[in-house]
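The values are calculated or read from the model by the stated rules, or taken from the named source; none is laboratory data. Treat the numbers as computed from the prediction; the structure is a model and nothing was measured. For neighbour counting, all protein chains shown are included, and Cβ atoms are generated from backbone atoms with ideal geometry for every residue, glycine included. Remember, those area values only see protein heavy atoms, side chains included, never the ligands or the DNA or RNA. Shrake-Rupley method; radii C 1.70, N 1.55, O 1.52, S 1.80 Å.
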Amino acid sequence: KACTGNREERLWPLRDIPAGGLYSNVMDLARFASHIMSGGGVVSDESLRETLKPQNVGVQLDFDYRVGLSWMLSWPGLDYAGPVINHSGATIAHRSVLAIIPGQKLGVVVLANTASAQGFVNMIAAETLKLALEVKTGIKPPRKTEDQPKEVEIPGEKLAEYAGYYVAGPQMAHVTSKDGRLYAQVAGLNGKVELIPREGGIFTGAYKAFGFLPIYVKELEGLSLSIERVNGRSALLAHVNGARFLIGEKVEPVPVPGPWLARLGEYELINIGEDFPGAPNKATLSYENGFLVVNSVSAFLGGVSASVPIRPVSDTEALIYGLGRGRGETVRIIERNGDDIAIVSGYEYKRKKKKG
């Protein structure tokens, strides 16, 4: 069974096969991990080596992220042990991870039947591997240093370069400068994050509720950010244990054609069918600070909200702003029986007509 809170959940089939198409258990996954570490069996050594070879070395926007054939090839905080191959899994109410240190012949499988367990699943897997590695080899995690790069000042003209709008995850953030300091306001967050500049071109964050009350936020601990220009784009990077990972992009508004402005309003999902109902059933297209923005809430996923800007490229097509998974996809408008229909990733949203 799977659960959300204390409720059993239906195991919905997912539209995008093979996502969510493989179900297993701890014992079978442990046997699979043993097969990977032994290098023998139904998969040839040559094929196995190819799956564990980095496939994206020449992709500039992947920075230090390395992926093989269906395997992630690193784990920040565990890389001192050598290459750590891993893959996580998730459905509407399951979370899982399989992680292996091939060079040490150590592996771990962690499964959970609740949607809120991803952080715990990863933590348990990482701590288990650290302890097993120390018991087997005597190798201990490197000692953490409390020192961080020295805080520096940024010239006024440079502050202006950092200010603007950023897309990261499901939300937009607005970075502003005031009195020589930088602040980020994230959609849905009641307060600001002060971005503290440090040596090496990185920033650390300090959250201030209501804009002035300092509050400790665990997610900001040890997190450093930077901006790097790649092929004309301003990539937002997170620095974790010396590695850089793409998490977003600075975006600029473009002129919005009149036909798009005429389509502002509420939209309803009309073709969910028998699919997993994780797509937002409602969305609002609005014009905010020079951007066309799609605001939505996925009720089935516990009220997860998103605020995603889209960039018009014609009177009937727009691209989802940003870099990374789900970004760059097309939003297309068609007219059907006198109604505006927005189509994205195969889902159709019909614009609600105003009353009166």
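What is the chain by shape, rounded, prolate or oblate, if you read a ≥ b ≥ c off the alpha carbon gyration tensor as root eigenvalues and call it rounded for a/c under 1.5, prolate for a/b larger than b/c, and oblate otherwise? If you can, show how the numbers build up before the last one.
On the way: a/c = 1.92, a/b = 1.24, b/c = 1.55.
Judged from the Cα gyration tensor, the chain comes out oblate (a/c at least 1.5, b/c at or above a/b).
With a 1.4 Å probe and all protein chains left in place, how much of the accessible area of the chain comes from carbon and sulfur atoms, in whole percent?
On the way: 11420 of 20730 Å².
So the carbon and sulfur contribution to the accessible surface is 55 percent.
Given R₀ = 35 Å, what would the calculated FRET efficiency be for K352 paired with E252, taking r from the Cβ atoms and rounding to 0.05?
Efficiency, from the Cβ-Cβ distance: 0.70.
If we count trypsin sites (Lys or Arg not before Pro) as exposed when they sit in a DSSP loop and have at most 12 other beta carbons within 10 Å, what is the longest stretch of the chain that avoids them all?
Answer from the scan: 151-324.
Hey, what number do you get for the chain at 222 nm if only DSSP H runs of n ≥ 4 count, each worth -39500 (n - 2.57), divided across all residues, to the nearest 500? Walk me through the numbers before you get to the answer.
On the way: 5 runs with 51 residues, N = 356.
Result for the chain, helices only: -4000 deg cm²/dmol.
Kirkwood hydrodynamic radius for region 78-123: how many Å is it when counted over pairs of different Cα atoms? List each step's numbers first, then the result.
Working: mean 1/r = 0.0901 Å⁻¹.
Here the Kirkwood hydrodynamic radius works out to 11.1 Å.
What's the FRET efficiency of R332 with N231 using the Cβ-Cβ distance as r and R₀ = 22 Å, to the nearest 0.05?
Numbers: r = 26 Å, r/R0 = 1.18.
E between R332 and N231, to the nearest 0.05, is 0.25.
Given labels modelled 7 Å from the Cα in the Cβ direction, how far is it in nm from S38 to Q60?
Output for this residue pair reads 4.6 nm.
Could you report the chain's accessible area per residue, 1.4 Å probe, as an integer in Å²? Provide the component values of the computation, followed by the final result.
Values: 20730 Å² over 356 residues.
Per-residue accessible area for the chain comes out at 58 Å².
Between region 239-268 and region 65-89, how far is it from one alpha carbon centroid to the other, in angstrom?
Using only Cα atoms, the two centres lie 29 Å from each other.
So if R0 is 41 Å, what FRET efficiency would V135 and L14 give, r being the distance between their Cβ atoms, rounded to the nearest 0.05?
Working: r = 39 Å, r/R0 = 0.95.
Calculated transfer efficiency: 0.60.
With a/c under 1.5 counting as rounded, go ahead and sort region 221-304 into rounded, prolate or oblate using the C-alpha gyration tensor (a ≥ b ≥ c being the square roots of the eigenvalues; past the cut-off, prolate if a/b is larger than b/c, else oblate).
On the way: a/c = 2.97, a/b = 1.41, b/c = 2.11.
It is oblate, given that a/c is not under 1.5 and a/b is not larger than b/c.
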